[in-house]
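Beneath this line is the structure, given in C-alpha cells, with notes to follow.
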Amino acid sequence: MSNKVTTAIFPVAGLGTRFLPATKSVPKEIMTLVDRPLIQYAIDEARAAGITEFIFVTSRGKGALEDYFDLAPNLEEELRMKGKTDMLEVLKQTNMDSGALAYIRQHKALGLGHAVWCARRLIGDQPFAVILPDDVIAADKPCLQQMVEAYEECGGNMVAAMEVPPEKTSSYGVLDISSEEGNLLNVKNMVEKPAAGEAPSNLAVIGRYILAPSVLKNLSSMGKGAGGEIQLTDAIAADLEKGRKVFGYRFEGQRFDCGSKSGFLQATVAFGLARPELQGDLSEYIKSIAPTL
Ligand code: G1P
C-alpha cells in the first residue's frame, strides 16, 4: 500500500433537519456560502490535495447534487449566446471528468461509519480521504492538502484535530493522545461524543480523515456506538487496538461548523469579507451595526 491519496468519500446523505424548512427540498450541501454551495468548497479542497476520484454517499432527495456536477447544456448555450464568458468560466468549477464522480446510496441513516462503509466496494487497497462538507475550513493551504503532505511521511490513519471548549467536547469525536510533535498528535485512543466530564481531552476530530482500508474492514463488524449509530470514530479506534497508528493533525486554518445556523452565518460573513468585490460594502455594514450589538 502506498501513501498516495487519490480517492475521497463525501458523506452527503444527512437530512439536514437543523436547516428545515430549507432542506425540505434543497440538500444542505447545496446551501451556499456567498455564491458557492458547501459541496463546492469540499470538492475544491479535495482537488487541491490531489484527489481525482470522488465518491458521494447520498440518500433520497439529493438529486440536486447530481445535477450540480452535471453539464447544463441549455444554460451554457444561453450564456454563450449572451456573450457571458465570465459566467461560463465560473461554471467550469462544477465540471467533473466523466467517471470521476460515483454515487452510492446509503439506504438507512445508520450513522457516519455506516455511510463510509457503503463506499467500500469502490475503495481498493489504497488509503482514502473522507471529507464532511459541513466542516468548512478557511486556510491559506487547504486543510486536506496539509494532511496529505504529512500523511505521505507518516502513513497510518490521520484525522484533523482542533481544540474546542471543554463544554463542547460531547458534540465531537475526542482524542486521547500520548505525545505530540509539531502538528502531529500521537493518538492512543479516541471516543465518540463522550458524556460531559468524561472526555479524555478537548482535542476534537474535525471532518477530514485519511484512512487505511483496514478501517472499512473494522466497520464491517462494528456494532452501534454513541447515539445508537455506527461510528467512524469507533472503527478508527479499533485500528489502534490492532496496533496500527492513528495521528491527529492540528491543521492551520479556521474551521466553521456549517452544520449549525450560527456557524453557517459566521462562515457567510468570513467568506463574504474575503471577497474583494464584497469587502467594502459588507465591512461598512458590519461596522455600522456593531455599536448597537
Ligand atoms: C461527526 C463525527 C465526529 C466529528 C464531527 C466533526 O459528528 O462523528 O467524530 O468530531 O463529525 O464535525 P457529527 O457532527 O456528524 O455528529
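The values are calculated or read from the model by the stated rules, or taken from the named source; none is laboratory data. These figures come from a predicted structure and were not determined experimentally. In this analysis, Cβ positions are derived from the backbone assuming ideal geometry, glycine residues included, and neighbour counts consider all displayed protein chains.
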For segment 232-270, what are the residues that are away from the ligand (no atom under 15 Å from the Cβ) and among the hydroxyl-bearing types (S, T, Y)?
T268
Just a yes or no: is a residue in segment 160-170 of a type in the set (D, E), within 29 Å of S262 (Cα to Cα), over 20 Å from the mean Cα position of the chain (by Cα) and in a strand (DSSP E or B)?
no
Take E198 and decide whether it is without any contact (Cβ under 8 Å) to a residue 12 or more places away in the chain and either outside any strand (DSSP E or B) or not basic (K, R) (or both).
yes
Does D140 fit the bill of being surrounded by fewer than 19 Cβ atoms within 10 Å (Cβ to Cβ), among the charged types (D, E, K, R) and closer than 19 Å to G207 by Cα?
yes
If we keep just the residues of segment 206-231 that are more than 16 Å from the ligand (Cβ to nearest atom) and not in a helix (DSSP H, G or I), which is farthest from A8 (Cα to Cα)?
S221
Counting only residues that are buried (at least 21 other Cβ atoms within 10 Å of the Cβ), part of a loop (DSSP other than H, G, I, E, B) and in contact with a helix residue (DSSP H, G or I) (Cβ under 6 Å, 6 or more places away or on another chain), segment 17-51 contains a total of 2
Suppose we filter segment 154-177 for residues that are in contact with a Leu (Cβ under 9 Å, 6 or more places away or on another chain) and either loosely packed, with under 13 Cβ neighbours inside 10 Å or under 23 Å from E53 (Cβ atoms) (or both); how many remain?
6
Okay, helices (runs of 4 or more DSSP H) sitting entirely in segment 57-115 with 3 or more residues that are surrounded by 16 or more Cβ atoms within 10 Å (Cβ to Cβ), modelled with pLDDT under 90 and touching a Pro at 6+ places or on another chain (Cβ under 7 Å), I get none
If I filter segment 216-227 for residues that are out of contact with any helix residue (DSSP H, G or I) (no Cβ under 9 Å at 6 or more places or on another chain) and either at pLDDT 95 or above or closer than 26 Å to L184 by Cβ (or both), do I get at least one hit?
no
Filtering segment 261-288 down to residues that are small (G, A, S) and over 25 Å from D135 (Cβ atoms) yields G280, S283, S288
Would you check if there is a residue in segment 164-175 being more than 10 Å from the ligand (Cβ to nearest atom), at pLDDT 95 or above and in contact with a strand residue (DSSP E or B) (Cβ under 7 Å, 6 or more places away or on another chain)?
no
Would you pick out the residues in segment 211-229 that are closer than 19 Å to A150 by Cα and surrounded by fewer than 16 Cβ atoms within 10 Å (Cβ to Cβ)?
P213
Taking segment 201-210 as the search range and keeping residues that are touching a helix residue (DSSP H, G or I) at 6+ places or on another chain (Cβ under 7 Å) and hydrophobic (A, V, I, L, M, F, W, C), which one is surrounded by the most Cβ atoms within 10 Å (Cβ to Cβ)?
I210
